[in-house]
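Participant: Below are the structure tokens for one structure; questions will follow.
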Amino acid sequence: MKIQIITLFPEMFTGVLENSMLWKASDKGIVQYEYINLRDYGLGPRKQVDDTPYGGGDGMLLKPEPLVAAIEQAKQNDPTAKVFLPTPRGKLYKQSDAKRLAADGSGLIIICPRYEGYDERVTKWVDEQYCIGNYVLTGGELPAMILIDSVVRLLPGVLGGENSTDIESFQDDDVSIEFPQYTRPAEFEGLKVPDVLLNGHHAEIAKWRAEQER
Ligand code: ADE
């Protein structure tokens, strides 16, 4: 799966995409991350990417020409890829979306808005607008990383082989089914691991876990 990220701040991604499972996924060739620096598509000698909003108001908006040129380049690189725009105005992003995108396997093109936002006309080039929660961030980079993490971990071969993505939180969208887990030592600062987990009785353990899910 090719994941193309349109951003003014590609270096923000390195800590996340170049470590742990997301890095392993690219090392194994399961995903390819590519950055498209929006500045390269800026207008004029100063490579302008933003401008003041019509009608007045605070801050600057991303201009449509550089953004659409960057999207078109990404589409040319991967014609079947879907274009995503993180925005507080999008629909709430859920586990079911991550599953759908991982199962579909098409490439992702993710736009990372900055400043006060973007010219609304770019949404004509966008397939899905999504919001990661009811709060406002300074840009689209963190929401992009969340989308990438949630999808890549579901791709075949990324997690450690066991059914670690089957039994986990948010199996169904709004219901978390994660149970509490423990590792050694069996007692820590006077706090004991529940006896049922120590007896090796798989049916009892499964029953206890089912009772603990919430
Ligand atoms: N950009 C800024 N805040 C956001 C949010 N909550 N979700 C998606 N994109 C955003």
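Every number in this text was worked out from the coordinates using simple rules, so none of it is lab data. Remember, it's a predicted structure, so these values are computed and weren't measured experimentally. Cβ: placed from backbone, ideal geometry, glycine included. Neighbour counts: every protein chain shown.
Participant: Please give the contour-minus-distance gain from residue 24 to residue 82: 0.36 nm per residue of separation, less the Cα-Cα distance, rounded to one decimal in nm.
Facilitator: Once the chain is fully extended between residue 24 and residue 82, it gains 18.5 nm.
Participant: Based on the Cα coordinates of region 1-98, what is the per residue volume of their convex hull in Å³?
Facilitator: Roughly 148 Å³ of hull volume per residue.
Participant: Turning to a different aspect of this structure: Take every Cα-Cα pair in the chain and report what % of them are more than 33 Å apart.
Facilitator: More than 33 Å apart: 30 percent of the Cα pairs in the chain.
Participant: OK, next. Could you pull out the pairs from 28/75; 82/124; 2/91 whose alpha carbons sit more than 20 Å apart here?
Facilitator: From 28/75; 82/124; 2/91, over 20 Å: 28/75; 2/91.
Participant: Arrange the following residues from fewest to most other Cβ atoms within 10 Å of their Cβ: 153, 184.
Facilitator: Taking fewest neighbouring Cβ atoms as first place, the list is 184, 153.
Participant: Which order do 13, 84, 188, 179 fall in if you start with the one that has the fewest other Cβ atoms within 10 Å?
Facilitator: 188, 179, 13, 84
Participant: Something else: I need the Debye-formula profile for region 38-93: one equal scatterer per C-alpha, no solvent, reported as log10 I(q)/I(0) at q = 0.22, 0.29 1/Å, two decimals.
Facilitator: -0.99, -1.11
Participant: Ok, one more. Show me the trypsin sites (Lys or Arg not before Pro) within region 1-32 that DSSP assigns to loop and that have at most 12 other Cβ atoms within 10 Å of their Cβ.
Facilitator: 28
Participant: Label point 7 Å out from residue 104 along Cα-to-Cβ: which residues of region 27-51 have amide N under 19 Å?
Facilitator: What the label zone holds, given the 19 Å backbone N cut-off, is 31-34.
Participant: Ignoring the sites themselves, what is the longest stretch of the chain with no GluC sites (Glu not before Pro) in a DSSP loop and at most 12 other beta-carbon atoms within 10 Å?
Facilitator: The reported range is 19-161.
Participant: In what sequence do 3, 109 fall when counting other Cβ within 10 Å, fewest first?
Facilitator: 3, 109
Participant: Taking 41 Å as R0, compute the FRET efficiency from the Cβ-Cβ separation of residue 11 and residue 181 and round it to 0.05.
Facilitator: Efficiency, rounded to the nearest 0.05: 0.70.
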